[in-house]
There are 2 protein chains.
Amino acid sequence: MRYAMIVEYDGANYSGWQRQKKFSSVQEEIENALERLFNKQIIITGSGRTDKGVHAEGQVAHFDVETDLTPFKMKGSLNYFLPDDIQIIEIKKVSDDFHAQYDAISKVYEYRAFVSRIKRPLKRKYYIQIVPPIDINLIKECAKKIEGEHDFAAFSVFNNQEKQNTIRTVHRLDVLVDGEEVIFQIEGNGFLYKMVRSIVGTLIWIGKGKLPADTIEKMFETGLRELGGKTMLPNGLILKSVEYKEFRS
Amino acid sequence: MRYAMIVEYDGANYSGWQRQKKFSSVQEEIENALERLFNKQIIITGSGRTDKGVHAEGQVAHFDVETDLTPFKMKGSLNYFLPDDIQIIEIKKVSDDFHAQYDAISKVYEYRAFVSRIKRPLKRKYYIQIVPPIDINLIKECAKKIEGEHDFAAFSVFNNQEKQNTIRTVHRLDVLVDGEEVIFQIEGNGFLYKMVRSIVGTLIWIGKGKLPADTIEKMFETGLRELGGKTMLPNGLILKSVEYKEFRS
């Protein structure tokens, strides 16, 4: 039987979602918990990777197991075995051909920043700092240019992978301001490697006047990553949810 | 000349505000930074202690120094010497008889909780978990009983100190609910040792039906700490601000 799990994690102590030989990963921790519960190796398949230090509130993964345990009991046992910084929010039975990666319709990411000249001790773990001055209205304007179907080649870092299809659709990119906090919420049908952090970095550099206001258009036209701003630190990034036909995390 | 500083800190790595011989404290870190800047020992006086693990967004302290540095320059240098989990938000010149403890008119604390059966990895550092079921409306009702002038002896833990005056005025205790988050905001003219955490613990136990709804009245009448709920963990508590005639942090 196939099950899907919704996972929340604090990425600070992990090399990312994906299992690696030398470093601990979120996937490995969950697979270890499954092995303790079922006394055999069970591989899980995530909706996609998250990078070193990136968090998730609604990562989704699927796995197969034959068991009499209810999803509720399974969740309780796995959470008992898991560390405090990784917990399973929900487990559901899904159809046998459900696939956490291929069936994902869209994903929502959030990038959190605060505008201040001073480091904020209580925000340092889950936000990045933007030193003023910054033109938030200009950022909001330019954020709208990201929305729609575009070739996002210039907003990704290629990992020595072969040339891939870099066309993606961003359904919305909202810039929410609350006091000194600036939250970037982005929903799309898929994201390239480091794409969200490249977009946010470019918008912030435009807002700081380090890049011209037409940078987004130029990057779409040329596909040149070096026209953009830097890739922002991972600790401000959270995978909020993944949407499927069957459910939304 | 006398200066006041507004300090934000993450209390997780400190034994509390007050300098201690064996353990590192927020006060000690700031005094060490002042010593590095001015090449002499400078003692700071806080508005009051915060306990081990308790955070602050608006702790206030005063100190005396003769210097040509502007408050802005002082702040920048001190923040450079301070660790990331303690930063000075502001330094102001104050009158020579200003006293951070004795002149404090009121303080605002916030206690953060979330209601969930599952531990939340992204909230574990700055919130405590309340396992449902919980009657939030009953908590809101009982919170109103805390407001006003009362003898809070039953809501404190005495530190082998001599008998002190335990009458305090709580100006407001608001229980703010946002999704699964429950924030207790309390403002008063002064707080006894562990008073906020005892109040919140008692309210939560009432909300969970572990204590009768008239517990608050009984505790005021009798002064008995053992009638109340447990003292909640420090990581949910933040000293938000301290108010003076001259300014509010």
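All of the numbers you see were taken from the coordinates with simple rules; none came from a lab. All values derive from a computational prediction rather than experimental measurement. Neighbour counts are summed over all protein chains in view; Cβ atoms, including those assigned to glycine, are modelled from backbone coordinates with ideal geometry.
Summary table
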| read-out | value |
| --- | --- |
| D (Stokes-Einstein, µm²/s), Kirkwood Cα radius, the stretch B:175-238, 0.692 mPa s at 37 °C | 260 µm²/s |
| Förster-model FRET efficiency, 51 Å R0, B:Thr169 and B:Asn39, C-beta, rounded to 0.05 | 0.75 |
| Shielding of B:82-90 by partner chains, average beta-carbon count, 10 Å | 3 |
| Rounded tilt (10° steps) of A:195-207 against the dominant C-alpha axis of chain A | 20 degrees |
| Sorted largest first, extent of the protein assembly as shown alpha carbons per principal axis (Å) | 72, 62, 39 |
| Cβ-based exposure ranking for B:Trp205, A:Trp17, in which fewest neighbours within 10 Å come first | B:Trp205, A:Trp17 |
| The stretch B:52-61 - phi-based ³J(HN,Hα) in whole Hz, Karplus 6.51/-1.76/1.60, Gly and Pro as x | 3, x, 7, 9, 8, 9, x, 5, 10, 9 |
| Taking N as its residue count, the alpha carbon Rg of the stretch B:139-249 over 2.2 N^0.38 Å | 1.06 |
| C-alpha long axis of helix B:136-146 to longest principal axis of chain B, angle in ° | 60 degrees |
| Distant-in-sequence amide H partners of A:Gly48 (H built 1.01 Å from N, under 5 Å) | none |
| Cα-based helix-to-principal-axis angle, B:71-81 vs chain B, degrees rounded to 10 | 80 degrees |
| Nearest beta-carbon to the A/B symmetry axis - residue in chain A, distance in Å | A:Lys125, 3 |
| Among B:Gly76, B:Gly188, B:Gly236: highest mean-square fluctuation, GNM of chain B, C-alpha pairs under 10 Å | B:Gly76 |
| Shape metrics for the stretch B:162-202, restricted to C-alpha atoms - Rg then Dmax, Å | 12.4, 43 |
| Cα-centre dipole for the protein assembly as shown with unit charges at Cβ (Lys and Arg positive, Asp and Glu negative), debye to 20 | 820 debye |
| For A:Pro133, inter-copy label distances in nm, listed shortest first [label point 7 Å out on the Cα-Cβ vector] | 5.8 |
| Calculated label separations, A:His99, copies of the chain, 7 Å along the beta-carbon direction, nm | 7.3 |
| For peptides B:36-46, A:50-60, sequence by mean Cβ density within 10 Å, most packed first | A:50-60, B:36-46 |
| Stokes-Einstein D in µm²/s, Kirkwood radius over Cα pairs - the stretch B:25-113 at 20 °C with 1.002 mPa s viscosity | 152 µm²/s |
| Chain B: equivalent-ellipsoid semi-axes (sqrt of 5 x gyration tensor eigenvalues, Cα, Å) | 34, 20, 15 |
| Per-residue mean of C-beta atoms belonging to partner chains within 10 Å, peptide B:122-132 | 3 |
| Exam field: B:Gln164 pseudo-label spacings to other copies (7 Å along Cα-Cβ), nanometres | 6.0 |
| Peptides ranked, highest mean first, by Cβ atoms within 10 Å: ranges B:118-124, A:166-172 | B:118-124, A:166-172 |
| Exceeding the 19 Å Cα-Cα cut-off - candidates A:Lys119/B:Lys119; B:Lys52/B:Lys119; A:Lys52/A:Lys194; A:Lys22/A:Lys240; A:Lys52/A:Lys125 | A:Lys119/B:Lys119; B:Lys52/B:Lys119; A:Lys22/A:Lys240 |
| Relative contact order of the stretch A:2-103, defined on C-alpha pairs under 8 angstrom at six or more residues apart (%) | 42 percent |
| Cα Rg, Dmax, the stretch B:104-195, angstrom units | 15.0, 43 |
